[in-house]
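Below is one structure; the comments refer to it alone.
What follows draws every value from the coordinates through simple rules; no lab data is involved. In this text, all values refer to a predicted model and were calculated from it rather than measured experimentally. Cβ atoms come from the backbone with ideal geometry, glycine included; neighbour counts cover every protein chain shown.
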C-alpha cells in the first residue's frame, strides 16, 4: 500500500488548495454564519466543486464518476478542512455515494450515482438518535404495509439533514434496540408526507438537523440492500465517512497548527519572539510528532478502502480516534498559544476550534473508536 | 517490484535452508554474539549460523562487497531483515560497529581506515565502544572536554568518557575529542579511533537501577593515538558525529521490535493476568491504557513504513526526525503498562516466585528509563524538531 503520494495525487491536492484559497476561504464560512444563510453552503461553490469532479472522485466511471480513489478524495477533504469549506461533499459525495455503492441495486446505482457525481442530487444519512454515535442503537421503526413501508421515529444530528434532496434513513425492521441485526435502510424524498425537519444551529455553523417520521410511507423499491440486512451496508459506509472526515480533520489541524507556528515566530514578548521559549517549542514539537503519526495512519486507512477492505474497520477506527485526539489537542493549543486574541471572534482560530468539536462527534467520538479498536483486537 | 519479489523468494528459501533450528528461537542476552578479541560464540550453532551469513555477505547486506558487505540495495537489505524476522532468525552478530560506526566510516573514513576496520567489524574481530558523553557533557554533547593535543606525529588524549557501552569487553573505541578549545564549541571537535589496548586507558563499570552494569566510564591518561586514526578532517568531527547519531536514533526508534529479552506483548500479558467479561478486559482503566498503547504502536509502525517508502522514492519529510522521540517514549509506556497489567507479579527482583518473563519485564522497565535519555534525550529531540522542522527561533538554552 502506498504511503507516498503519486504525481497525479499531488496535482489534485495543489489544485484543490489553490481553488479553495480563492473560492472558499475561511471568510466564506463567516459570511454564511453571519448572514444566517438558509441553505448553509453556497450552491454556486458546490456547482464549481462538482465541475472540478470532486463529487465524483470515488464514483466508478460507468456511473459518470472519476474513479480516482479514496486517497484522492482524502486530499480534497483535507484541503476543505484547511479553509473550513462548507459543502455537501462529506454527507452526499462520500457517505451517500458510498451507501449506494455498497448496498444499492443496479437500478439505484444507475439512477442515483450519476446525479450525485454531478452534484445535482444531494443525500444525507439519517442515523443518530441520541447525543452519542451508537449506530446499532436504533428505535426508529420500519414496518411493511403491502408494497409500502411505514416509518416512525426521530433522528438527530443529521449532517445536511435540512438541505439534502434525499435522506437515507436507518430504521429497525426487526430485532432488539441495540442489535446490529434487523436494521434496514430506505431512501426517502425530503418532501414526503409525515417527515418534519428542524435545522439545528451548531457551534461550527455547519449543517445539521433533527428529523421526525410520523407514519411516513415509502414504496418498498426505496429499500437499499436487503430487509434486516442494513448493518452490512451501514458499517462500511460509516467507515468510509470516518476516514474522509478524518482527512478533513487533518486539514483543520494542519491549518490551525501552521497558523500557530507562524504566530510563534512573529509575536514578541519580553523583547523576543515567543517561539524562542522552550515551554512553547516542546509543545509545538510534540504536535508535529503527532501530525506525522496521523499522516501515516490516514494514508494507510485511505488505501485500505480499495486495497485491503478486511482492514477497513480497524484502520477507520484508528484514523478517527487518532485524528479526534490530534484536532482536539492542536485547536486547544492554537487558542492558548495565541493568547488573548485566540479567544476573539475576529481571529479564525476559534472557527477551527468549533469545527473540530463537531467533527470529533460525527461518526464516533474517541471513546467509541477506542472501544471498537479494542473489541476488534480481541480485548 | 517483480525482481524484489523474486529476491524475497530466494532469501526466504536460503534462510529456510541455512538457519539452524536453534537459531530460530527467541534469543537471551547470554546467547548473543558480539565478536571482538574477548568474545566467543555462545554455541556451535551460533558459530555455524554466523559463518553462513558472513559467507553470504548478509552480516552487512548493504555495505560494499570489497569490505565484506553484500553490495545490496536498501530495499534488498530490508527484505532480508523482514524475512529474518518472519522466520524468527536470530541476529548472528551484534555490535555498534555494525550498527553505527561502519556506515559513518563508509561516508567519512579514508581508504586505509575502511580497509582496516570495516572487514574487521563484519568478521567479528573488533568490538567497538562509543565515546561521546562525558560526566560534564550529556545533553549538551558539544561541550565535551576530553582533549587530544597535536604532538606532531600523534595525538595525546586526556580525559574521560561515560556511558561507554560494554567498554570493558571492547577492543576499540570511537571518540569525540576536543582538538581546539578556542573556537565555537562544535568547531573544535574531532573524531578519533582509539585502540583500547593502548597504555593509559582504563574502564570501570557503572551499576544501574536495573541491577545491570552494561555501561562503563572510560579514562584516558596520556594516551598516544596515531595521526592516521583521525576520521574526516581535524576539527570537523561534529559532522561525523551527527551522521552517526542519525544511525543511533534510528536504531533506538526501532529497538522495541528486536529486543533480546523475553518480552511479553502487552495484549498477551492482558490475556494472562487480567479478568475478562464478555470478551472485554473488565478493568476499564487498563483496557483504555492498552488500546492507547496499541494504537500508538500501530501508528508508529505505519510511520516507519512511510519513512522507508519516502526514502526509497526520494521524498523528504519530518517523519524520521520524530521517530526517536516517539519510539523510546512508547517503550517506556509499554514497560509501565506491563507492570500495571502484571500487578505485584511484575515487581519481583529475583527468585523463583516469579517467572523469567516477569523478572525480565521488571528489569526492562528499569532499563527503559534510559532510553529517553541516551542518544539525545527526549527534550533534545524536541529541540531538534522545533529547530529543524518548525524552524522556531532559537534561544540561549538550546
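A compact table of results
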read-out: Sorted largest first, extent of segment A:232-376 alpha carbons per principal axis (Å); value: 60, 27, 23
read-out: Those residues of segment A:184-223 whose amide nitrogen sits under 17 Å from the label point placed on residue A:357, 7 Å along Cα→Cβ; value: A:200-208
read-out: Rg to Rh quotient for segment B:1-93, alpha carbon positions, Kirkwood Rh; value: 0.97
read-out: Ranking of A:59, B:380 by count of other Cβ atoms within 10 Å, fewest first; value: B:380, A:59
read-out: Segment A:7-121 - Rg (one decimal) and Dmax (whole number), Cα, Å; value: 14.2, 43
read-out: Å³ per residue enclosed by the Cα convex hull of chain B; value: 168 Å³
read-out: Computed FRET value (nearest 0.05) for residue B:125 with residue B:366, which takes r as the C-beta separation and R₀ as 45 Å; value: 0.85
read-out: Shielding by partners, peptide B:289-300 (average Cβ within 10 angstrom, other chains); value: 6
read-out: Over chain A: Rg over Rh, Cα atoms, Kirkwood Rh; value: 0.98
read-out: Gain in span if fully extended, residue A:134 to residue A:228, counting 0.36 nm per residue against the direct Cα distance; value: 32.1 nm
read-out: Rough spin-label spacing in nm, given labels placed 7 Å along Cα→Cβ, for residue A:219 and residue A:141; value: 2.6 nm
read-out: Pair residue B:310, residue B:28: separation of 7 Å Cα→Cβ label points (nm); value: 4.1 nm
read-out: Taking segment B:128-236 and dividing mean pair separation by its residue count, relative contact order in percent (alpha carbons under 8 Å, at least six apart); value: 30 percent
read-out: Residue order, fewest to most surrounding Cβ atoms within 10 angstrom, among A:249, B:295, A:360; value: A:360, B:295, A:249
read-out: Kirkwood estimate for the protein assembly as shown, i.e. one over the average of 1/r between Cα atoms, Å; value: 29.4 Å
read-out: Relative contact order of segment A:232-376, pairs being alpha-carbon contacts under 8 Å that are 6 or more residues apart, as %; value: 32 percent
read-out: Spin-label proximity, residue A:2 to segment A:72-88 - amide N less than 20 Å from point 7 Å beyond Cα toward beta carbon; value: A:72-79
read-out: Average Cα contact separation per residue, chain A, under 8 Å, 6 or more apart, as relative contact order %; value: 16 percent
read-out: FRET E, pair residue B:37, residue B:204, Förster distance 25 Å, beta-carbon r, rounded to 0.05; value: 0.80
read-out: Computed E for residue B:387/residue A:341 - FRET, C-beta separation, R0 22 angstrom, nearest 0.05; value: 0.25
read-out: Value of Rg/Rh across segment A:118-266 [Cα atoms, Kirkwood radius]; value: 1.07
read-out: Calculated SAXS-style log₁₀ I(q)/I(0) at q = 0.20 Å⁻¹ - segment B:128-236, Debye, Cα scatterers; value: -1.00
read-out: Shape box of segment B:293-388 [Cα atoms, principal axes, largest first, Å]; value: 53, 24, 18
read-out: Taking A:169, B:11, A:4, B:177 and counting other C-beta atoms within 10 Å, the order from fewest to most; value: A:4, B:11, B:177, A:169
read-out: MRE, 222 nm, helices only [DSSP H, n ≥ 4, -39500 (n - 2.57), over chain A, to nearest 500]; value: -16500 deg cm²/dmol
read-out: Label point distance in nm, residue A:306-residue A:269, each placed 7 Å from Cα along Cα→Cβ; value: 4.8 nm
read-out: Cubic angstrom per residue, convex hull over Cα atoms of segment A:261-341; value: 87 Å³
